[in-house]
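Asker: Sharing a structure, written as structure tokens. Questions coming.
The values are calculated or read from the model by the stated rules, or taken from the named source; none is laboratory data. Predicted model only: the values in this text are computed from it and were never measured. Here the Cβ is made from the backbone with ideal geometry for all residues, glycine too, and neighbour counts use every protein chain on show. The protein model used for the area step is the full one, side chains on, heavy atoms only, and it has no ligands, DNA or RNA in it. Shrake-Rupley method; radii C 1.70, N 1.55, O 1.52, S 1.80 Å.
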Amino acid sequence: MRHLPLRAAVALFVLFVCAVSYWTYRSSAESTDGREDIVLWAGWMLGDDIYGAIDRFEKLHPQYHVIATTGTAQDATGDAQRLLSAVAGAVPPDAVFFDRFAIGEWASKHALEDLTPYVERQDPADPHRIDLRDYYPWSVEEASYRPPGSTEPRHLYGIPTVADARLLYANLDLLRQEGLTDDRGEPKLPKTWDDLREYAKRLSRYRIAGRPDSGLVRLGFAPNFGNSFLYMFAFEAGGRLLSADGLRATMDSAPVVRALRFMTDVYDDLGGAEQVNAFQESFQTGPLDPFLKGQVAMKIDGNWYLENTLGDWKPDMNFALAPAPMPADELAKGRSPVTWASGWAFVIPATSRHKEAAFELIRYFRTWQVVDRLDQSKRERKQNEGRLYLPAVDANRRFTERIFQQNIFRNSAMPAAFKQGYQTLAALLEEPLIRPVSPVGQLLWRQQIRASDAALGHKYAMEGKTSGKDEVAIALERMQEPVQRQLDELVRPLPRHVVGWIPYVSAYVASIVAFLGAVLYTSHRRRRSHGYKMRETGAAFLFASPWIIGFAVLTGGPILCSIVLSFTRYDILTEARYVGLSNFKDVFADPVFYRSLLNTAFMVLRIPLIMAVGLVMALLLNSGVRGIAVYRTGLYLPVTMPIVASCLLWIWIFNSRTSFLNEGLRFCFDSLPAHAFEWVVNRFTSEPFRLDAPLWLQDPRFSKLALVVMNVWAAGGGMVIWLAGLQSIPRQLYEAANIDGAGAIRRFWHITLPMLSPYILFNSIVGLIGTMQIFTEAYIMTAGGPLDSTLFYAYYLFRQAFQFFRMGYASALAWILFAAVLALTVIQLRLSKRWVHYDHT
């Protein structure tokens, strides 16, 4: 063994790796005790109740073993990266608790199993079969899909489970205090949009009475607080965001424009969306919920708020539930109150290895015995905690009716307000509207939010004045364009040429082999002149092989893949097809691309600030002041804080209502000099001017500046590099300058800065590369808002790739970013020859 040839050792090493990989794969596919594993991603429904139900399932079906996990994701609907990776890698869970809204998009990409044949194959005599006739028709429709423009029957891709609907919640005590009562003195709920707008104004309170711009202390009503969105008001106005055939976006239709105009007017009455959002920033959950505390008088929210907040924390509250107010003319036409519903479903990924077993598990979960037992377990847990139990809505109408009767309508101890609320909920569940089941559903959802933000923030006010068009209509038209482009792309014939990966992989492997062969050949030819043996070269390759393999597989391979993908149409779940330069053309035609570039370019301002602050810190540490260890620790401490924790800290610091930062600014602005400055400015302006603390992350004028301030706080990372540079400067240069009579400023300008020029170049290049890739702060703190003011290039790329599955488009964005960074770096290096000095002698 001591003389084992090198080739044999390498071969044994490779065989060992392959054996371990195969054993790991087989272990993941089969249970160790011979039972068939069913992997269930139960999401938020996972708990002791579910584990108990699974135990009973395994006793009834001893051939199965269920592995239940949460399938952790920040946003299981719009950002399901883990599920996407599992499906694409052919190692998905066998069943997933999934948002029904997303089913259409995933089904269009052939990522989900068609459950229609599974349902049809059930034995009609089986008492536990899934009978879709018992379900709310809209829940089944939301869990089904057919291609846009198709007339074929819908296919079922999910078994509906939980359902929900939206209602108006009103604090009756606040309504009575404001005199919003009927002839009998009882609180009167708003019925129309006009009523709702008037109630919102009368119920709101401000820091300075009659001054909405001074900040809210109580919110009467805000269209986007709770869970309503543009969908609710568009449905009430008789509008739809997508045509019935699914081929045309109708966001710019008159009813939708009217709905968004109403929302905008309500926010303007309250001082603007920025003021409302700043007030909402201080809201908390649980017993400190703003509706429970009287900070919000009315809101539109889902029935889950009834179950998880009102019932848990304030069951004795004087409140009422009602259908959301409608436009008066729509009520005059005889239309019934409108709501929109949604919910969850069980789905089976198309690449699941145990589909029949997974469907059997889903059938078990959808039996009355299991649903009733889970409901009973939740009721007993609530009662043990001393809380009021309020049931959720099940997509099976028969189950919901039985659960409501048992727990609400036949329960003599149930407060009257909750009985009335559940009666309203049961009535609205009969014929609610749903969001369109479409391959562009997630994009449409994102764009209706962006349209609302743009209209509420008056983003297109100036364009509306110059063009004579309604700014709300302009916002909807602009946000509709990406949706329509995607719809048009869906109906076009697929590109004919499918990417064949074998030639690329072969060429890539051949290039690696050729490179390694060239290295070996060169080593062989130079072995005598350099005095080393081929055995040593082989040993070097063996020890370097983990890095070489890792680079070739995990870095070089993805680089080659992204180059190819940038010329294709690819969504991970279907085959990549060549589209030539279409992705690059689409990128340069997209206005959001330029907006993300400008946002990123603005953040370049942080580079000189961070460098300057870091240099000042280094000069302090290099000066030899007393307590240098304390200073060094304190200045470097922010760098050691994880970026997520840092973001959460600064979210609190930038809270416009409760943070010490804004309280300190308000104290300064209330001083005599500040008032004098306001008086002088007002003498020369027509609009009233008043100094006030900024809204930071809610104001597009300050959002990027806030992130710059946060980045400067962590300038201690560059401080270490500056300190190394300062300590490398020869002391005799300063001594000579002192003898010549140079002061501190001249020594800094003529000695320190020139000698630090290599470090300036390094920090500027690294800072520029980091700035072009800024992502985490926007992802955690602002989600790209407000009004896309923090939608940076990398975040825009991330959205296209992992939220909209446009991998070809995202790859094109990545290579444009690479070209920009490379060009800027080369320019910096070329210009550095004029001012960078490397010789310290």
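Asker: Within the set of other residues whose C-beta is less than 14 Å from the C-beta of Ala676, count the net charge using Lys and Arg as +1 and Asp and Glu as -1. Display every interim value, and only then the final one.
Answerer: Details: positive: Arg683, Arg690; negative: Asp670, Glu678.
Net local charge, Ala676 excluded: 0.
Asker: Could you work out the relative contact order of the chain, using alpha carbon pairs under 8 angstrom and six or more residues apart, expressed as a whole percent?
Answerer: 14
Asker: Let me ask another. What does the convex hull of the alpha-carbon atoms of the range 708-841 project to on average, in nm²? Could the numbers behind the result be given before it?
Answerer: Values: hull surface 42.5 nm².
Taking the Cα atoms of the range 708-841, their convex hull projects to 10.6 nm² on average.
Asker: Same structure, new question: Would you mind putting 550-563, 137-150 in packing order, based on average other-beta-carbon counts within 10 Å, highest first? Don't jump to the answer; show the numbers that get you there.
Answerer: Numbers: 550-563: 13.5, 137-150: 19.9.
Those peptides, ordered most packed to least, come out 137-150, 550-563.
Asker: Quickly work out the Phe775-to-Phe543 label distance, labels modelled 7 Å from Cα along the C-beta direction, and quote it in nm with one decimal.
Answerer: With each label point 7 Å from Cα toward Cβ, the separation is 3.4 nm.
Asker: Taking the Cα atoms of the range 613-721 alone, what are Rg (to one decimal) and Dmax (as a whole number) in Å?
Answerer: Values for the range 613-721 (Cα only, Rg and Dmax): 18.3, 55 Å.
Asker: Could you give the size of the charge dipole of the range 178-252 about its Cα centre, using +1 on the Cβ of each K and R and -1 on the Cβ of each D and E, expressed in debye and rounded to the nearest 20?
Answerer: Working: 12 positive and 11 negative charges, 72 e Å.
Charge dipole of the range 178-252: 340 debye, to the nearest 20.
Asker: Which of the helices in the chain meet the span-like rule: DSSP H, Cα axial reach of 20 Å or more, Kyte-Doolittle mean at least 1.0? Before the final figure, lay out each step's value.
Answerer: Values: long enough: 6-29 (35 Å, 1.24); 254-269 (22 Å, 0.10); 368-384 (24 Å, -2.08); 441-456 (22 Å, -0.24); 471-491 (31 Å, -0.22); 501-525 (36 Å, 1.03); 534-551 (24 Å, 0.87); 606-622 (23 Å, 1.99); 757-772 (22 Å, 1.28); 807-832 (37 Å, 1.65).
Helix filter hits for the chain: 6-29, 501-525, 606-622, 757-772, 807-832.
Asker: Here is a further query. Find which of Tyr508, Gly34, Pro117 sits farthest along the positive direction of the dipole of the chain, computed with +1 on the beta-carbon of Lys and Arg, -1 on that of Asp and Glu, about the Cα centre.
Answerer: The residue sitting farthest along the positive end of the dipole is Tyr508.
Asker: Any of Lys188/Lys333; Lys465/Lys704; Lys109/Lys704; Lys355/Lys585; Lys293/Lys419 with alpha carbons more than 31 Å apart? Name them for me.
Answerer: Details: Lys188/Lys333 22 Å; Lys465/Lys704 27 Å; Lys109/Lys704 37 Å; Lys355/Lys585 42 Å; Lys293/Lys419 22 Å.
Violating the 31 Å Cα-Cα cut-off are Lys109/Lys704; Lys355/Lys585.
Asker: Could I ask something else about it? Where in the range 416-519 are there trypsin sites (Lys or Arg not before Pro) that are in a DSSP coil and have at most 12 other Cβ atoms within 10 angstrom of their Cβ?
Answerer: When the trypsin sites (Lys or Arg not before Pro) of the range 416-519 are filtered for loop state and at most 12 Cβ neighbours within 10 Å, Arg496 remain.
Asker: Could you tell me which trypsin sites (Lys or Arg not before Pro) in the range 163-267 are loop residues by DSSP with no more than 11 other beta carbons within 10 angstrom of their beta carbon?
Answerer: Details: sites: Arg166, Arg176, Arg184, Lys188, Lys191, Arg197, Lys201, Arg202, Arg205, Arg207, Arg218, Arg240, Arg248, Arg258, Arg261; in loops: Arg184, Lys188, Lys191, Arg207, Arg240, Arg248.
Filter output for the range 163-267: Arg184.
Asker: Can you pull the Rg over Rh of the range 267-352, Cα-only, Kirkwood? Provide the component values of the computation, followed by the final result.
Answerer: Details: Rg = 17.8 Å, Rh = 16.4 Å.
Checking Rg against Rh, the ratio lands at 1.08.
Asker: Send over the semi-axes of the range 676-717's equivalent ellipsoid, whole angstrom and largest first, taken as the square roots of 5 times the C-alpha gyration tensor eigenvalues. All intermediate terms of the calculation are to be shown ahead of the outcome.
Answerer: Working: eigenvalues 192, 30, 10 Å².
The answer is 31, 12, 7 Å, longest axis first.
Asker: Across the chain, what fraction of all alpha-carbon pairs, as a whole percent, falls in each successive 20 Å bin from zero upward?
Answerer: Here the calculated profile for the chain is 12, 37, 35, 14, 2, 0.
Asker: Let me ask you something else. Seen from all sides and averaged, what is the projected area of the convex hull of the Cα atoms in the range 361-457, in nm²? Spell out each step's value before the answer.
Answerer: Details: hull surface 39.8 nm².
Taking a quarter of the hull surface, the average projection is 10.0 nm².
Asker: Right, next: Calculate the FRET efficiency for Lys293 and Val625 from the Cβ-Cβ distance with a Förster distance of 56 Å, rounded to the nearest 0.05. Could the numbers behind the result be given before it?
Answerer: Details: r = 49 Å, r/R0 = 0.88.
So, using R0 = 56 Å, E works out to roughly 0.70.
Asker: Then there is this: Check each of the chymotrypsin sites (Phe, Trp or Tyr not before Pro) in the range 744-841 and keep only those in coil by DSSP with at most 11 other C-beta atoms within 10 angstrom; list them in order.
Answerer: The qualifying sites are Trp835, Tyr838.
Asker: Let me ask something else about it. What accessible area per residue comes out for the chain, rounded to a whole number of Å², with a 1.4 Å probe? List each step's numbers first, then the result.
Answerer: Numbers: 41350 Å² over 841 residues.
With all protein chains present, the chain gives 49 Å² per residue.
Asker: On to the next question. Between Gly286, Ala322, Phe365, whose Cα lies farthest towards the positive end of the dipole of the range 284-392 when Lys and Arg beta carbons carry +1 and Asp and Glu beta carbons carry -1, centred on the Cα centre?
Answerer: Phe365
Asker: Let me have the 222 nm mean residue ellipticity of the chain computed from DSSP H runs of 4+ only, each contributing -39500 (n - 2.57), with the sum over all residues rounded to the nearest 500. Could you put the intermediate results ahead of the total?
Answerer: On the way: 38 runs with 441 residues, N = 841.
So the helix-based figure for the chain works out to -16000 deg cm²/dmol.
Asker: Can you send over the carbon and sulfur percentage of the accessible area for the chain, probe radius 1.4 Å, protein chains only?
Answerer: Working: 24870 of 41350 Å².
Roughly 60 percent, rounded to a whole number.
Asker: If you average the sequence gap of Cα pairs under 8 Å that are 6 or more apart and divide by the length of the range 457-614, what percent do you get for the contact order?
Answerer: Over the range 457-614, the number comes to 19 percent.
Asker: Grab the alpha carbons of the range 105-243, take their convex hull, and tell me the volume per residue in Å³.
Answerer: Details: hull volume 29.1 nm³, N = 139.
Per residue, the Cα convex hull of the range 105-243 comes to 209 Å³.
Asker: How many nm is it between the label spots at Phe677 and Arg335, if each spot is 7 Å from the Cα in line with the beta carbon?
Answerer: Inter-label distance under the simple model: 5.0 nm.
Asker: Restricting attention to the alpha-carbon atoms of the range 462-603, what are Rg (one decimal) and Dmax (integer), both in Å?
Answerer: Looking at the range 462-603, its Cα Rg and Dmax stand at 25.3, 83 Å.
Asker: Give, rounded to the nearest 20 debye, the magnitude of the charge dipole that the range 277-357 has about its Cα centre when Lys and Arg contribute +1 at Cβ and Asp and Glu contribute -1 at Cβ. Walk me through the intermediate numbers first.
Answerer: Numbers: 7 positive and 9 negative charges, 47 e Å.
The dipole of the range 277-357 has a size of about 220 debye.
Asker: Starting from the Cα gyration tensor of the range 126-208, multiply each eigenvalue by 5, take the square root, and state the resulting semi-axes largest first in whole Å. Mind dumping the intermediate values first?
Answerer: Numbers: eigenvalues 410, 61, 28 Å².
Values for the range 126-208, descending: 45, 17, 12 Å.
Asker: Under a 5 Å amide H to amide H cut-off, with H placed in plane at 1.01 Å, what residues pair with His65 once short-range neighbours are removed?
Answerer: Excluding prolines and chain starts, which carry no amide H, the hits are Glu36, Asp37, Ile38.
Asker: Using the reciprocal of the averaged 1/r over all distinct C-alpha pairs, how large is the Kirkwood radius of the range 782-841 in Å?
Answerer: Values: mean 1/r = 0.0713 Å⁻¹.
Answer for the range 782-841: a Kirkwood hydrodynamic radius of 14.0 Å.
Asker: Here's a follow-up. Just add up the charged neighbours of Glu281: K/R +1, D/E -1, any other residue whose Cβ is under 11 Å from the Cβ of Glu281.
Answerer: Working: positive: Arg657; negative: Glu274.
Residues near Glu281 contribute 0 overall.
Asker: Do you know the relative contact order of the range 707-826, to the nearest whole percent, from alpha carbon pairs under 8 angstrom that are 6+ apart? Please report the intermediate quantities before stating the final value.
Answerer: Details: 57 pairs, mean separation 21.2, N = 120.
It comes to 18 percent, rounded to a whole number.
Asker: Would you work out which of Ala222, Pro93, Gln177 lies farthest towards the positive end of the dipole of the range 75-225? Charges go on Cβ: Lys and Arg +1, Asp and Glu -1.
Answerer: The Cα lying farthest towards the positive end belongs to Gln177.
Asker: Still on this structure: Which FRET efficiency value, to the nearest 0.05, is calculated for Phe669 and Ile729 with the Förster distance at 41 angstrom and r the Cβ-Cβ distance? Don't skip to the end; give the middle numbers.
Answerer: Working: r = 44 Å, r/R0 = 1.07.
With a Förster radius of 41 Å, E is 0.40.
Asker: Separate question: For a quick protection proxy, order the peptides 375-381, 585-591, 736-742 by their average other-Cβ count within 10 Å, most packed first.
Answerer: Working: 375-381: 15.7, 585-591: 14.1, 736-742: 11.4.
Per-residue Cβ counts within 10 Å, averaged per peptide and sorted highest first, yield 375-381, 585-591, 736-742.
Asker: In addition: For the chain, give the magnitude of the charge dipole about the Cα centre (Cβ charges: +1 Lys/Arg, -1 Asp/Glu; no others), in debye to the nearest 20.
Answerer: Details: 87 positive and 82 negative charges, 637 e Å.
Here the size comes out at about 3060 debye.
Asker: Please compute the net charge surrounding Arg381, taking Lys and Arg as +1 and Asp and Glu as -1 over other residues with Cβ under 12 Å from its Cβ.
Answerer: On the way: positive: Lys378, Arg379, Lys382, Arg387; negative: Asp48, Asp49, Asp312, Asp375, Glu380, Glu385.
Neighbourhood net charge equals -2.
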